[in-house]
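The values are calculated or read from the model by the stated rules, or taken from the named source; none is laboratory data. Note that the coordinates shown come from a computational prediction; the quantities given were computed from them, not determined experimentally. Neighbour counts are summed over all protein chains in view; Cβ atoms, including those assigned to glycine, are modelled from backbone coordinates with ideal geometry. We work out accessible area using only protein heavy atoms, side chains counted, and drop any ligands, DNA or RNA first. Shrake-Rupley method; radii C 1.70, N 1.55, O 1.52, S 1.80 Å.
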Amino acid sequence: MRRSLAVIGVTLATAVLGPGFLPAAAAPGTGAATGTLIVNGVPHTDPHGCYPSNGFLVSVVNRTDRTAYVYPNGGCFGQYEGWVQPGGQATMNGSSVYID
């Protein structure tokens, strides 16, 4: 019963607030991205999860098959500030980058 209520709560939160308001760890995933994600010059091959930017400005080069999301807080929590689509690159304010 409690598990059912938790699932209903997450579903309602997603419907009302949108997926960006949930922690990245709560987002459903299907495994690592394919390719390389470069965060502030550091390459991550077949990335999956959250990567720190070690500052308040992040440079992202996304050479993967998934969208990368930039978060203003460490640990990829809160509302994401922006995103970098596959094949794209950007520099923006952010403290962490999440890719599913």
Please name all residue pairs, on different chains or six or more residues apart, with Cβ atoms under 7 Å, provided the first residue is in the range 43-63 and is of a type outside the set (S, T, N, Q) and modelled with pLDDT under 95 and the second residue is open to solvent by less than 80 Å² (accessible area, probe 1.4 Å) and not in a strand (DSSP E or B). F56/S95
Show me the strands (runs of 3 or more DSSP E) found entirely inside the range 45-100 where at least 1 residues are within 17 Å of A33 (Cβ to Cβ) and among the β-branched types (V, I, T). 57-64, 68-71, 82-84, 96-99
Subset of the range 54-90 that is hydroxyl-bearing (S, T, Y) and more than 17 Å from H44 (Cα to Cα) - its residue that is surrounded by the most Cβ atoms within 10 Å (Cβ to Cβ): Y71
